[in-house]
1. Taking amide H positions as placed 1.01 Å from N in the peptide plane, with prolines and chain starts having none, which residues 5 or more places from A110, or on another chain, fall under 5 Å of its amide H?
2. What length, rounded to one decimal in nm, is gained on full extension from A145 through to S229, with 0.36 nm per residue of separation minus their alpha-carbon distance?
3. So, taking all protein chains as they sit and a 1.4 Å probe, how much accessible area belongs to H148, in Å² rounded to tens?
4. Which GluC sites (Glu not before Pro) from the stretch 37-89 combine a DSSP loop assignment with at most 11 other Cβ atoms within 10 Å?
5. In terms of modelled amide H atoms, which long-range or inter-chain residues lie less than 5 Å from the amide H of V82?
6. Got a sec to turn the phi values of the stretch 77-92 into Karplus ³J(HN,Hα) couplings, 6.51 cos²θ - 1.76 cosθ + 1.60 with θ = phi - 60°, whole Hz, x for Gly and Pro?
7. Which value, in Å² and to the nearest 10, is the accessible area of W70 when all protein chains are kept and the probe is 1.4 Å?
8. Under the 0.36 nm per residue contour assumption, what length would be gained going from the current alpha-carbon distance of E221 and A47 to full extension?
Amino acid sequence: MRKGLIGLAIIIAAIITIAFGYFFFQYRFYTKEDPTKWEDDIKAIEARTAGSPLKGRAVVFIGSSSILKWESLERDMDPVPVIRHGFGGSRIKDSTWFVPRLVTAYHPPAVVLYAGDNDIYFRDLFGAKPDTAGQCLEDFKVFVAAVHRDLPRIRIYFVSIKPSVDRMKFWPQMKAANELIRDFCARDPRLAYIDIATPMIAGDGTPRGEYFLADGLHLNEAGYWLWTSIIKPVLQ
């Protein structure tokens, strides 16, 4: 009996150790201030899309997991041709770093960016920083400059940071970032802000759970249908 309890305790300790190690690895990876950490993901994206016949005429969707997991994007946006360049866990500046490879190289007529969610989450997770909203704006400005450096005429659409069940604690900063970026976009005819956040908020001010997977963070089919109904008419 005692041996059994000792064995069980060892198993539990091993599971806790593995779980902690995995969490620590994930935390270190996603908070590391080095965009080159995404090199394997970018190579995979290039291998999938670099030879696309849509290069030169497809709108590039770039950003974090909400783009990566939008597997029905091409079908949802039809007849607008699109190319999906999402890499999960990324921040605005990560997309900026890879503009030459994921945007400029494809000569798109427009770019749609979804990012900012992870920017605020990972900055605030272990010790809130008061300038997270302002930093999102500054990072977006750098993204815009990077795109317009080689493609000065194309439109850039910023999809607002979504409110999510899992990250509701961070919503005030995300909402503030949305407002700053919205106002910045309003001053340049080449920029546009697409508000997907407002219809995702219920009357009591909380995120509408029917748009999310069980993790309370990523969108389900209904969530992507909502985004399609808002984004597609803007692109058309």
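The values are calculated or read from the model by the stated rules, or taken from the named source; none is laboratory data. The structure presented is a predicted model; accordingly, all values stated were derived computationally and were not measured. No Cβ is skipped: glycine too gets one built from the backbone with ideal geometry, and neighbour counts run over all protein chains shown. Only protein heavy atoms, including side chains, enter the accessible area calculation; ligands, DNA and RNA are left aside. Shrake-Rupley method; radii C 1.70, N 1.55, O 1.52, S 1.80 Å.
1. V60
2. Once the chain is fully extended between A145 and S229, it gains 27.4 nm.
3. 20 Å²
4. Passing sites in the stretch 37-89 are E71.
5. Counting only residues 5 or more places away or on other chains, the set is V59.
6. Once rounded to whole Hz, the list reads 8, 3, x, 6, x, 9, 10, 9, 10, x, 9, x, x, 6, 10, 4.
7. Approximately 0 Å² for this residue.
8. 60.0 nm
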